[in-house]
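Notes follow the structure.
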Amino acid sequence: MSIRRKGNRWEVRIRVGSGQRVERTLPPTATRADARALETQIRRAQIDLAVGRKPARTIDAALDQWLATGASSLKSYRRDLKYRFAVIREYTAGKPLDALVDVAESIKQNGQREGLTAAGINRYLSILRRIGNLAERWGWTDLPLGRRVLLLPEHSVRHVYLSPEQVNKLASHADALTADMIRFAALSGLRLAELLNLRADQVRDGVIALDAVTKSGRPRGIPLPEQAAQIAAKRVPWKIGRDQLRERFIAARKAAGLAWAQWRDLRHTYASWLVQGGAPLTSVRDLLGHSSLSVTSRYAHLAPAHLDAAVATLPTLRGVGGGKRSRGNAKKAA
């Protein structure tokens with residue numbers, strides 16, 4: 001059977017003339033008619049290929065080709081790209097390559113509606129630009145599709161930090177699992193991908209041991225406060241996907257009257273609490289897994305007392321406002 005229902009999604013599975021099996025999974029909103037149309041499109045492409053006619057390529061085929069020729073071997077694939085590919089496929093199922101720019105615009109609009117930052121949206125757009133450029137290089141299209149996908153301007157770094165009261169309020173309006181994840185994120189500073197992929201064996205004696213498969217590419221250890229260690233012992237692994245967590249978080253922030261809050265703010269909040277508590281920026285850098293201290297310096301303004309103490313060590317100079325007069329000034333004074 002070439003079309004079948006699996007869970008809440010339709011699957012298309014076809015064995016082509018070369019014996020290779022082609023499989024496609026449609027997004028949850030797709031219908032059986034959509035699956036039939038995709039099956040027809042795949043078979044037509046095989047016929048075009050057999051008779052020497054230039055096939056009508058799809059965006060999904062370009063994604064598959066990039067995966068087969070290098071994307072899956074990138075260090076960032078398992079950590080980030082794999083998830084983003086899955087999100088993009090919810091927009092691209094069965095769509096021709098020429099629709100790449102329209103798909104990019106849909107991702108922009110939906111991302112802005114959901115409150116994603118320009119930088120977050122641009123990560124998806126960059127993938128589309130990449131496959132558009134590759135498709136042109138492969139000879140799949142004569143159109144400069146990649147160059148037509150325009151990134152959003154990224155004006156400034158987001159500086160939003162929550163108070164303990166706001167974190168508690170946010171958690172109190174979430175279900176039990178999401179509430180614990182919100183608290184844990186604010187008390188550990190983990191990136192979302194690190195948190196979702198956390199395994200029970202990575203939490204030992206109250207310390208999270210992350211391997212080198214992180215954004216910075218370096219292993220790091222993160223001591224946990226007692227409350228976070230208790231949450232980890234109870235909940236890890238979390239048994240929830242990114243999409244489901246996002247839906248629950250959006251509902252919680254709306255109910256709490258904190259619609260402006262974003263998940264990444266919890267990580268920034270963790271850093272802000274450390275700095276305001278007197279932690280040196282070098283320690284904050286290591287706990288967050290930043291590649292350099294220049295990245296961590298965005299939090300320096302949160303430690304005025306620490307800076308005051310540093311300035312207080314400067315020597316006292318005599319005669320402030322005075323000094324040796326010039327000869328000309330001495331004559332005038334006379």
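Six or more apart or on different chains, Cβ atoms under 8 Å: show the pairs whose first residue is in segment 1-12 and assigned by TED's automatic domain parsing to the domain that holds Arg36 and free of Cβ contacts under 8 Å to residues at least 12 places away in the same chain and whose second is hydrophobic (A, V, I, L, M, F, W, C) and surrounded by 10 or more Cβ atoms within 10 Å (Cβ to Cβ).
Going by the 8 Å Cβ cut-off, the qualifying pairs are Arg4/Trp10.
Within the group Arg123, Arg84, Arg137, Arg148, which residue is surrounded by fewer than 21 Cβ atoms within 10 Å (Cβ to Cβ), free of Cβ contacts under 8 Å to residues at least 24 places away in the same chain and of a type in the set (Lys, Arg)? Before the answer, list the steps.
Working: Arg123 fails: free of Cβ contacts under 8 Å to residues at least 24 places away in the same chain; Arg84 fails: free of Cβ contacts under 8 Å to residues at least 24 places away in the same chain; Arg148 fails: free of Cβ contacts under 8 Å to residues at least 24 places away in the same chain.
On inspection, the qualifying residue turns out to be Arg137.
Step by step: first the residues of segment 222-269, then only those that are among the polar types (S, T, N, Q) and within 13 Å of Ser188 (Cα to Cα), then the one that is surrounded by the fewest Cβ atoms within 10 Å (Cβ to Cβ). Which residue is that? Give the steps one after another, and end with the answer.
Quick first cut of segment 222-269, residues among the polar types (S, T, N, Q) only: 227, 230, 244, 262, 269.
Pick out the ones that are also within 13 Å of Ser188 (Cα to Cα) and you get 227, 230, 269.
On the way: Gln227: 12, Gln230: 15, Thr269: 22.
By that ranking, first place goes to Gln227.
Return the pairs, sorted by first residue and then second, in which the second residue is among the aromatic types (Phe, Trp, Tyr) and in a helix (DSSP H, G or I), the first residue lies in segment 249-266 and is within 12 Å of Gly115 (Cα to Cα), the beta carbons are less than 8 Å apart, and the residues are 6+ apart or on different chains.
Here the result reads Trp263/Phe249, each pair linking segment 249-266 to a residue that is among the aromatic types (Phe, Trp, Tyr) and in a helix (DSSP H, G or I).
Quick one: which helices (runs of 4 or more DSSP H) lie wholly within segment 43-155 and hold at least 3 residues that are closer than 30 Å to Ser2 by Cα?
Working: elements: 59-68, 82-92, 100-113, 118-138, 145-148.
Once the helices (runs of 4 or more DSSP H) in segment 43-155 are filtered for at least 3 residues that are closer than 30 Å to Ser2 by Cα, what remains is 59-68, 82-92, 100-113, 118-138.
The values are calculated or read from the model by the stated rules, or taken from the named source; none is laboratory data. None of the values given here were measured: they were computed from a predicted structure. Please note: Cβ atoms are built from the backbone with ideal geometry, for glycine as well, and neighbour counts cover all protein chains shown.
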